[in-house]
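Enquirer: Quick one: this structure, given as structure tokens, is what I'll be asking you about.
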Amino acid sequence: MNPKGYAVYLAKRIGQAVLVLWAAYTVTYVILNLLPKNVEQSILVARGMQEAVGDPNAIAQVRAEFGLNESPVRHYFSVLFAALHGDLGTSYQYGSNVASLIATRLGMTISVSLLAVLLAVVVAFALAFAASYFRQKTIRAILQSLPTLSVSVPTFWIGLLLMQVFSFWLGLLPSIGQTGWKTMVLPVVTMAIPVSAMLSKLLMDGFDTVMREPFIVAAKAHGFSRRSIIVSHVIKNGSLPALTMLGLIVGGTVNGAIVAETVFSRQGVGLLIQQAVQNQDFPVVQGVVLLAAAAFVVVNLVVDLIYPLLDPRISHTAKEV
Amino acid sequence: MSGIDNDIIGGNNAIGNGNNSGATIGGEPVIEVSHLSVTYHSARRDVTAVDDVTFTVRRGDTVGIVGESGSGKSTLVDTFLGILPQNADITGSFSLFGEDFTHAAEHEWRRVRGRILGFVPQDPRTNLDPTMTVGRQTEQIVRLRHPERSRQEARERVVELFTEVGIDRPELRYRQYPHELSGGLQQRVLIAQALASEPEIIVADEPTSALDVTVQKRILDVLESLVRKRGITLVMITHDLAVASDRTRRLLVIHNGRLVEQGDTRQVLDHPKESYTRHLLACAPAFQVRDNVLDDERGEHDGHENRAESVEPSDDGIAVNWNDVSKVYHERGGRGEAFNALDHVSLTARTGRTLAIVGESGSGKSTLLRLALALSAPTSGTVLVDGRNIHELHGRALRAERRNFQLVQQNPFDSLDPNYTVRKVIDEPLRSFGYGNRRRRSQRIAELLDRVSLPARLLDAKGSELSGGQCQRVAIARALAISPKILFLDEPVSALDVSVQSQILDLLKDLQESLGVTYVFVSHDLAVVAGLADDIAVLEHGSIVEHGSVEDVFGHPRNAYTKKLLDAIPGR
Amino acid sequence: MSSALQIESTVDAAVKASPETRSLPVRVRASIGTALRGIGDGLRAHSGVSTTLAGLFTVVILIASFLPSLVARKDPYATDPAHMFQAPSAAHWFGTDQLGRDLFARTVYGAHATVTASLLSLAIAVVGGLIIGIASAYVGGIVDTVLMRAVDVLLSIPGLLLSITIVTAIGFGTTPVAVAIGVASLPGFARTTRAQTLKIRNRAYVEAAVVSGVSPLRIVFSHILRNVLGPVSVLAMLDFGAVIMSVATLSFLGFGAKPPAAEWGSLINDGRNYLITSLWISLIPGFVVVLTVLSATVLANNLKRGER
């Protein structure tokens, strides 16, 4: 493909990503402001000033502070305009800037999430490889039932179970805490289990489909060993469907982060949004959703860009989105 | 081992062929099959696909295994290649190169892998890894056979092989991916890959179906010459008697998993001993061409009256008239190249007659049909069906007009809604055109079922419970339900087995004689339309290259392309 | 039995072929093969058993959800300070909690809240998805573009976050949670329905119906809807487990019904603080959730296999 065509494609694709992000922001804004509600009251309650709910002075102050005197449309545009400049508004609960609130907590969530995804990918590929390498029906049946089994266990319950076993019974790892690698182990494992279950299901299905393809049978008839067939044909072709579903993994990770941080009381973005919902802290909810949507959009963008490198059948110029 | 040899002789005698013809061709036995049965086990029932089959293939021979779909011939291939699924059970025995492989484990199979190879040209793309260049894939095979060769040497060998099988610009092709090659080139790559393994036996599985006839002939030629040059034993599995007759020296006829007849190809075809073989011969359309139209020296056909001499219909009105129609497709998004599916085509179908439109895939023949059915609109030109410009009609008016022309589609299984019973399928046009009350419709359905020779007990069966031929009969009944004047037939028999094909063609012939319907019959196969058509139009790249009566086209083809199509009919 | 015979004959043949090189390993391999095949057959036989068990458990859960008072005789809200933190026993099958409430009764009433909420979610997702998906595929053009872009946008927000956002807007409680999860799952169903509709619209029998003079609306109802319904209901079954889990998760995070109402998620959350001393308070309801989701998945997978 020529470089110019690629540049055009890239620009178009990034434009699309930005558009999706804007739409996601707008959808969240509409949902959160769907029902007429007493925002001043929410803010005062979120700040622990219940007694000030009836005080007209306090209400007037809050209305001015959060721009609530504007019309809804004007309010939307001023909020959107601010968001474009990186200002995601002010938290009702903390009174501080949402962007910096998220930023201070993001490190903790990202480190655990990345480790969890890494662990999940390694485990998923190992399982999928084993499931297609072994021919014994029993071993395969056991391996193939693992993802279904672990997908059926709620993440929060996995967390509680791990906590019970490793912290309370064996006393090996702390049940809560923010610092030190030991506090990260249980959250990472908790998050990795559902993600790797999802991923290994996709990979097993992918590998299985490819294993039945005529070209695999042909390679077998030429005398290639099972291992070399898997290495040179199955892994690449069988991972392609999973690659297109990587957005699901983002969802799984976000889901896991919220639950794991709640269970293990870690001060990350997940716990931030859990508390923000409890306190009706709309700007924080909106900010975190925007962050998650951005992660999803970026991951999909990256997948789209590297996919043609792995699958020569897809070319950027031919693709009409 | 000696016991097995005895079995083979016994088996041959049992079949009644004996060795009297003296199977002198070839050297030592390379495939020996003795009382082989293969049964598939599944939760619901066991299916015996191959039933007590005994035969021998000798080195250097060319053997055809002929049978209809479901006869068990594919199971035989899978058995020889050691790729039977796990739920298959084998009894009896078979050996390859003198070694028993009846229940061989994977590591034992590894020793003969590459010595006996399958060539599966049907849908060649699925036989190639889509994410690897065809050169790399072939190179892997070369290096597997000769691990001592460097990558550079292996690469040179691949280019050599590509040249040998007639791939143009082999260095360029080396770097291309399967999807960048045409179907014919993909098939050549498959042959090159087979040769890269330096096999002693090639098992070609249905090398002719799903291919355009001209491509099919070239591929068979390449395969045959290479096999002869290298002394490779060729086993050819096919449903097509004509191909087997042209290309093989020995013939095995399989029916319902049993070997019904075997011997020298010429002998089997000229003097078939078994009734099933005679039946197959009688049904094969290519042989009918010779019998019916060209009045070939081979006169012994049974009971097919000569269509070309049937009574002239008195009425010579025009049923369908394509007037200077063009159809241009644009690639999605409108920026891509325009594709001329039809280029200023004018054609008429005469009332009460059969117009056959013949061409290879992509020639525009289906587009012609879809225009006449108002399923798509022409870019320019008009289509008059029964005297009306149907593209001027819309909505309710168009639906009302549809009672004059109906359609029988190619894939009989797909043309019936899986949730519908036969009764409901045939009732659909009756209801939508307001044909009588429930009782009248019910009568009409029974009458139609009788017309297409289906038993009344099938009324409440669903499509999935019927055979391909039965589905097609239901589709014909549905098309005839509202007594249309014109019937469009879109490759109505190409998805069916040969014996079923001839039954459906006979049925169509009878129906036309009794109902006087006009047929517009689209096919890729000149042989199929030979017995039914009055007029033939040959289409190539969206233009009509030949048009005339069936006798003219077959007897004195003027166009080079038509001649090529005629030559490509196997068995001529 | 026949397979054992077959193994014997394999070994015999192999031994005959080259007695000195392969007899022993082949024999060992063959016997391992026989053993594994036996276990495999057993497992396959048990797959029927596991389906039966899953079916039975699902029936029990459904009865508990619709008629909780029939299954649990005790009052789920009655506190009993004299019997706090009791381990499971004949009197209290699942034990009691920090207020002495019977956990079996609370789990059964929790099923009522959680399972009916999940069914409501699923109904919203399936019906909405069918309407949007079929309309999008069948009308096509600009309608298709607009609807599918909207679906894309909703799919770009992780499901749990989207339902959390909706819950934030419409308030806490069992029904709001059900609505939120239903709306959040709707885009996925819409997309599947659209894909299925497109596939079926191109089938030969739909073309045959057009030629037979059937009106477009009738084609939608008599051919498309009926043939789309199969795959979509399999997807719904497959999604049922996930929906139960989402409902439980939102309730665990504290967005469900207010105490003292019992929901599966909140039951598990309530027991969190007593894990060290009375782990059953959290673990038993959690185990019930696991079994329910697993049963639904097993049944759905069976259904999927039947559909093929």
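The values are calculated or read from the model by the stated rules, or taken from the named source; none is laboratory data. Please read all numbers here as calculations on a predicted model, not as lab measurements. In this analysis, Cβ positions are derived from the backbone assuming ideal geometry, glycine residues included, and neighbour counts consider all displayed protein chains.
Enquirer: Any idea which residue in region B:188-216 is surrounded by the most Cβ atoms within 10 Å (Cβ to Cβ), counting only those that are assigned to a helix (DSSP H, G or I) and modelled with pLDDT under 85?
Expert: Pass one, region B:188-216, residues assigned to a helix (DSSP H, G or I): B:188-196, B:213-216.
Checking which are modelled with pLDDT under 85 leaves us with B:213-216.
Numbers: B:V213: 19, B:T214: 15, B:V215: 17, B:Q216: 21.
The selected residue is B:Q216.
Enquirer: Among the small types (G, A, S) and touching a His at 6+ places or on another chain (Cβ under 8 Å), is that true of C:G100? Please lay out each step first, then the result.
Expert: Values: among the small types (G, A, S): yes; touching a His at 6+ places or on another chain (Cβ under 8 Å): yes.
So C:G100 fits the description; yes.
Enquirer: With respect to the numbered conditions (1) part of a helix (DSSP H, G or I); (2) modelled with pLDDT of 90 or more; (3) within 14 Å of chain B (Cβ to nearest Cβ), which one is the sole condition not fulfilled by C:A248?
Expert: Going through (1) part of a helix (DSSP H, G or I); (2) modelled with pLDDT of 90 or more; (3) within 14 Å of chain B (Cβ to nearest Cβ) one by one, C:A248 breaks only (3).
Enquirer: Still on this structure, I have one more. Mind telling me which of the residues B:S37, B:S74 ends up being surrounded by fewer than 23 Cβ atoms within 10 Å (Cβ to Cβ), in contact (Cβ under 8 Å) with a residue 40 or more places away in the chain and outside any strand (DSSP E or B)? Even if it seems obvious, please write down each step before you answer.
Expert: Values: B:S37 fails: outside any strand (DSSP E or B).
When all the criteria are applied, what remains is B:S74.
Enquirer: List the number of the failed condition for B:I504; all other conditions in (1) crowded, with 20+ Cβ neighbours inside 10 Å; (2) touching a His at 6+ places or on another chain (Cβ under 9 Å) hold.
Expert: (2)
Enquirer: Now for a different question. Just checking, which of B:A456, B:A400 is of a type in the set (G, A, S) and facing chain C (nearest Cβ under 9 Å)?
Expert: Values: B:A456 fails: facing chain C (nearest Cβ under 9 Å).
Matching residue, one of B:A456, B:A400: B:A400.
Enquirer: Regarding B:L371, is this residue within 14 Å of chain C (Cβ to nearest Cβ), in contact with a helix residue (DSSP H, G or I) (Cβ under 9 Å, 6 or more places away or on another chain) and modelled with pLDDT of 90 or more?
Expert: On the way: within 14 Å of chain C (Cβ to nearest Cβ): yes; in contact with a helix residue (DSSP H, G or I) (Cβ under 9 Å, 6 or more places away or on another chain): yes; modelled with pLDDT of 90 or more: yes.
Against the criterion (within 14 Å of chain C (Cβ to nearest Cβ), in contact with a helix residue (DSSP H, G or I) (Cβ under 9 Å, 6 or more places away or on another chain) and modelled with pLDDT of 90 or more), B:L371 qualifies.
Enquirer: Considering only region C:67-79, I want to know if a residue exists there that is out of contact with any helix residue (DSSP H, G or I) (no Cβ under 8 Å at 6 or more places or on another chain), in a helix (DSSP H, G or I) and modelled with pLDDT of 80 or more.
Expert: Looking only at region C:67-79, we keep the residues that are out of contact with any helix residue (DSSP H, G or I) (no Cβ under 8 Å at 6 or more places or on another chain), and these are C:67, C:69, C:77-79.
Filter once more, so that each one left must be in a helix (DSSP H, G or I): C:69.
Right, trim to modelled with pLDDT of 80 or more and you get C:69.
Yes: one or more hits.
Enquirer: Kindly indicate whether A:K220 is within 14 Å of chain B (Cβ to nearest Cβ) and not β-branched (V, I, T).
Expert: Details: within 14 Å of chain B (Cβ to nearest Cβ): yes; not β-branched (V, I, T): yes.
Yes.
Enquirer: Mind checking which pairs have a first residue in region C:197-212 that is more than 11 Å from B:Q409 (Cβ to Cβ) and assigned by TED's automatic domain parsing to the domain that holds C:A137 and a second that is assigned to a loop (DSSP other than H, G, I, E, B) and not hydrophobic (A, V, I, L, M, F, W, C), Cβ under 7 Å, 6 or more apart or different chains?
Expert: If the second residue must be assigned to a loop (DSSP other than H, G, I, E, B) and not hydrophobic (A, V, I, L, M, F, W, C), no pairs are left.
Enquirer: Sticking with this one: Of all residues in region B:132-175, which are within 31 Å of the chain's Cα centre (by Cα), assigned to a loop (DSSP other than H, G, I, E, B) and hydroxyl-bearing (S, T, Y)?
Expert: Scanning region B:132-175 gives a single hit, B:T133.
Enquirer: Which pairs turn up if I take residues in region B:537-565 that are closer than 24 Å to B:N323 by Cβ and look for partners that are outside any strand (DSSP E or B) and of a type in the set (F, W, Y) with beta carbon separation below 6 Å, at least 6 apart in sequence or on another chain?
Expert: That search, which allows pairs on different chains as well, returns B:E540/B:Y561; B:V545/B:Y561.
Enquirer: From the list A:K236, A:K220, pick out the single residue that is under 25 Å from the mean Cα position of the chain (by Cα) and of a type in the set (K, R). Break it down into steps so the answer makes sense when it comes.
Expert: Working: A:K220 fails: under 25 Å from the mean Cα position of the chain (by Cα).
One residue alone meets the criteria, A:K236.
Enquirer: Within region C:286-295, restricting attention to residues that are more than 8 Å from chain A (Cβ to nearest Cβ) and crowded, with 18+ Cβ neighbours inside 10 Å, which residue is nearest to C:T52 (Cα to Cα)?
Expert: Going through the qualifying residues, I end up with C:S295.
Enquirer: Show me the helices (runs of 4 or more DSSP H) found entirely inside region A:1-97 where at least 1 residues are in contact (Cβ under 8 Å) with a residue 12 or more places away in the chain and over 26 Å from C:I164 (Cβ atoms). Outline the logic, then answer.
Expert: Working: elements: A:3-32, A:39-46, A:56-65, A:72-84.
By residue number, A:3-32, A:56-65.
Enquirer: Here are some conditions: (1) within 14 Å of chain C (Cβ to nearest Cβ); (2) under 23 Å from C:L155 (Cα atoms); (3) buried (at least 18 other Cβ atoms within 10 Å of the Cβ). A:N33 meets all but one. Which one does it not meet?
Expert: (3) is the only condition that A:N33 fails.
Enquirer: Which condition number does B:S494 fail, the rest of (1) in contact with a Ser or Thr (Cβ under 9 Å, 6 or more places away or on another chain); (2) in contact (Cβ under 8 Å) with a residue 60 or more places away in the chain; (3) crowded, with 21+ Cβ neighbours inside 10 Å being met?
Expert: (3)
Enquirer: Across region C:178-212, what is the number of residues that are outside any helix (DSSP H, G or I) and among the acidic types (D, E)?
Expert: Counting residues in region C:178-212 that are outside any helix (DSSP H, G or I) and among the acidic types (D, E) gives 0.
Enquirer: Is it the case, given these coordinates, that C:V234 is in a helix (DSSP H, G or I), touching a Leu at 6+ places or on another chain (Cβ under 6 Å), buried (at least 21 other Cβ atoms within 10 Å of the Cβ) and touching a residue at least 60 places away in the same chain (Cβ under 8 Å)? Step through it out loud before you land on a result.
Expert: Values: in a helix (DSSP H, G or I): yes; touching a Leu at 6+ places or on another chain (Cβ under 6 Å): yes; buried (at least 21 other Cβ atoms within 10 Å of the Cβ): no; touching a residue at least 60 places away in the same chain (Cβ under 8 Å): yes.
Taking the combined requirement at face value, the residue does not satisfy it.
Enquirer: Taking region B:434-456 as the region of interest, how many residues are in contact (Cβ under 8 Å) with a residue 40 or more places away in the chain and surrounded by fewer than 19 Cβ atoms within 10 Å (Cβ to Cβ)? First the steps, then the outcome.
Expert: Here is the first cut: in region B:434-456, the ones in contact (Cβ under 8 Å) with a residue 40 or more places away in the chain are B:435, B:451-453.
From what is left, the residues that are surrounded by fewer than 19 Cβ atoms within 10 Å (Cβ to Cβ) are B:435, B:451, B:453.
The total comes to 3.
Enquirer: Could I ask something else about it? In region B:71-87, is there at least one residue being over 28 Å from the mean Cα position of the chain (by Cα) and at pLDDT 90 or above?
Expert: Scanning region B:71-87, I find no residue that is over 28 Å from the mean Cα position of the chain (by Cα) and at pLDDT 90 or above, so the answer is no.
Enquirer: Conditions first: (1) loosely packed, with under 14 Cβ neighbours inside 10 Å; (2) within 17 Å of A:N279 (Cα to Cα); (3) in contact with a strand residue (DSSP E or B) (Cβ under 9 Å, 6 or more places away or on another chain). A:G89 passes all but one, so which condition is the exception?
Expert: For A:G89, the failing item is (1).
Enquirer: Still on this model: Can A:G270 be described as within 12 Å of the chain's Cα centre (by Cα) and closer than 30 Å to A:I216 by Cβ?
Expert: no
Enquirer: How many residues does region C:265-283 contain that are more than 8 Å from chain A (Cβ to nearest Cβ), surrounded by fewer than 20 Cβ atoms within 10 Å (Cβ to Cβ) and part of a helix (DSSP H, G or I)?
Expert: Matching residues across region C:265-283 total 2.
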